[in-house]
Amino acid sequence: MWGGRFAEGPSAIMREINASIPFDKALWRQDIAASKAHVAMLGNQGIVTAADAATITSGLDRIAAEYEQDGVPEDWDLEDIHMTTESRLAELIGPVAGRLHTARSRNDQVATDFRLWVREAMEQVDAGLELLQRALVNRAGEHAASIMPGFTHLQTAQPVTLGHHLLAYYEMIRRDRSRFADARARLNECPLGSAALAGTGFPIDRDATAKALGFDGPTGNSLDAVSDRDFALDYLMAAAQCSLHLSRLAEEFIIWASQPFGFVRLPDALSTGSSIMPQKKNPDAAELVRGHAGRIIGCATALMVTMKGLPLAYSKDMQDDKPPVFEAASLLALSIAAMTGMVADSTFRTERMRQAAELGYATATDLADWLVREADVPFREAHHITGAAVKLAESKGAALDALSLEELRAIDPRIDERVFAALSVDASVASRASYGGTAPERVREQVAQARRTLGLASGSDA
C-alpha cells in the first residue's frame, strides 16, 4: 500500500503494532454498508460510472456473504478491515475496485464505521434495559404490599415495600436509557466525505450518504469529524453509569441471598456450587456483574486518557479507541441479561423480609411522629422518648408494637392507646403516602405508570 513512498516494507515490530484487524474486523458490516453508500453516491454524482458503481456494489455484496459465512481473514500486512475488504474487492473485480476509495480517506471511513457500530450498540443496550425494566415492574407489581426493612447505612431504618424497593432500580434504569438516547442523538451525524481532514475537491453529495446510512445529516467540520470520538466516550460514560446501577442491584441480591438475611432464593441457572462444600449456592452471576462494573469504568478511563491532549486531526493513538468500547459493550450486555434473569426468576421470601422489618424497630420514627402529631411533643424530645422505648423493646426481644400500653406510659405518660395504630409495619408503610412514597397505593400507581410507559398491559408481562 505504501510502495509509492517507501523503499522498504515495515519491520515485524511495525507490522504487529500497526495492525488493527484482530479487533476492527468487528466493523465489517458497517464498513460494507458505508462503502455501498459511498459508491452509490459516487455513481449518482458521475464521479464513477454507473457500470463501475454497480460492479463495486456487487463485489461488496459477495464479500459480505463471505464474511458472514467464513468470518473475516486476518492478514496483518493489510492492517485493518478497510484494506482487507478493498484488497478482496480487487481480487474479485480487478482494477475497478480502486475507484471505491475516490473522495474518501480511511480517516472518515473509520469514523463513519465506528459511529455506525456504536449507534447499533446503543440501540441494543436500550432494548436490553427495557427488558430489565419490564422484569422490575412485573415483580414490583407482585410485591406492591410486601413489607421489608428499608435501610440506611445497611441498618434497619423504616419499613418499605419490596415493590417500592424494586421500582427504585426502575428509575435508575430509566435514567440510563435517557443517557444512551441523548448520546445517540449527538452521535447521529455522518463524517463520510470529510476525507483525510480537509474535505475533498470532488463534487460529492454528503447529504445523500448521510441519509443512506440513517444519519440526521453530515458533520459540519471535516477536522472535527475525523478526530472526534466524543460519541464513543458518551457511550462509555453511559455504560459506566449503567454498570454502577447494575452493580448496586447485584449487591442487593448478594446480600439478600446470604443466610443471615435470607430474603431471596436465587435461580439455580444464575448460581454455582462449591467444589468442596456441597451446601453452597453461590451468587456468582451477581458477583461478576458487580465486578464487570470495574472493568467498564476502566474502559471509559482508558479511552479518556487516550484522547487526552491529541492535536487535530487524526493521530494513530485513536486506533486504540475500539477495544475499550467493544469490551465494555460485551460486558454490559452480559450484565444486563444476568440481572434481568435474576429479577425475573428469583423467589422472594416475603415472610422473612417482614420479620426482619418487625424485629428491626423500623417503626421507631412512626412513634416519634405520633408523639409530635398527637401529643404535641417537640420532635427532639419525641426522639428521646422513642429511643427509650426501643431500648426497652430490645431488652425484651420484642417488637415495638408488642410493648404494653403500661410499659409505654411508664416511659412517657402522654402516650395513649391510639399509638398502636401507628406502630405496626403495615400502618407505617400505609402512612407513607406522599407522591413517590412506599405506601402500597402509591407503589401500585407507579407500577401502572411504568406499565403505560413500557407499553405493557395492566398486570401483564407481555
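The values are calculated or read from the model by the stated rules, or taken from the named source; none is laboratory data. Quick caveat: nothing in here was measured; it's all calculated off a predicted structure. Methodologically, a virtual Cβ is constructed for each residue, glycine included, from the backbone with ideal geometry; neighbour enumeration extends over all protein chains shown. For the accessible areas, the whole protein counts, side chains as well, though only heavy atoms, and no ligand, DNA or RNA atoms are used. Shrake-Rupley method; radii C 1.70, N 1.55, O 1.52, S 1.80 Å.
Only one of the listed residues (THR85, THR112, THR102, THR49) is of a type in the set (Val, Ile, Thr), farther than 30 Å from LEU454 by Cβ, open to solvent by less than 50 Å² (accessible area, probe 1.4 Å) and more than 33 Å from the chain's Cα centre (by Cα). That residue is THR102. For the range 204-217, the count of residues that are within 30 Å of THR49 (Cβ to Cβ), open to solvent by 50 Å² or more (accessible area, probe 1.4 Å) and aromatic (Phe, Trp, Tyr) is zero.
One residue alone among ALA362, ALA433 is open to solvent by less than 40 Å² (accessible area, probe 1.4 Å), assigned to a loop (DSSP other than H, G, I, E, B), free of Cβ contacts under 8 Å to residues at least 12 places away in the same chain and under 22 Å from PRO149 (Cβ atoms), and that residue is ALA433. Among all residues of the range 172-193, there is at least one that is outside any helix (DSSP H, G or I) and open to solvent by 30 Å² or more (accessible area, probe 1.4 Å). Given the structure, is PHE151 open to solvent by 20 Å² or more (accessible area, probe 1.4 Å) and part of a strand (DSSP E or B)? Yes: the conditions hold for PHE151.
From the list LEU136, LEU131, LEU78, LEU92, exactly one residue is open to solvent by 10 Å² or more (accessible area, probe 1.4 Å) and either among the basic types (Lys, Arg) or under 30 Å from LEU456 (Cβ atoms) (or both). Which is it? Before you say what the answer is, go through the steps one by one.
Working: LEU136 fails: open to solvent by 10 Å² or more (accessible area, probe 1.4 Å); LEU78 fails: either among the basic types (Lys, Arg) or under 30 Å from LEU456 (Cβ atoms) (or both); LEU92 fails: either among the basic types (Lys, Arg) or under 30 Å from LEU456 (Cβ atoms) (or both).
Selected residue: LEU131, the only one of LEU136, LEU131, LEU78, LEU92 that is open to solvent by 10 Å² or more (accessible area, probe 1.4 Å) and either among the basic types (Lys, Arg) or under 30 Å from LEU456 (Cβ atoms) (or both).
Only one of the numbered conditions (1) part of a helix (DSSP H, G or I); (2) open to solvent by less than 60 Å² (accessible area, probe 1.4 Å); (3) closer than 18 Å to HIS143 by Cα is not met by GLU407, and that is (3).
None of LEU310, LEU331 is open to solvent by less than 20 Å² (accessible area, probe 1.4 Å), assigned by the TED database to the domain that holds LEU270 and hydrophobic (A, V, I, L, M, F, W, C) except LEU331.
Checking each residue in the range 154-163 for being within 18 Å of GLY262 (Cβ to Cβ) and either touching a Phe, Trp or Tyr at 6+ places or on another chain (Cβ under 8 Å) or surrounded by fewer than 22 Cβ atoms within 10 Å (Cβ to Cβ) (or both) picks out LEU154, GLN155, THR156, LEU162. Restricting the range 334-349 to residues that are part of a helix (DSSP H, G or I) and surrounded by fewer than 18 Cβ atoms within 10 Å (Cβ to Cβ) leaves a set whose member that is farthest from the chain's Cα centre (by Cα) is ASP345.
The residues of the range 365-396 that are within 20 Å of ILE147 (Cβ to Cβ) and among the small types (Gly, Ala, Ser), listed by number, are ALA368, ALA393.
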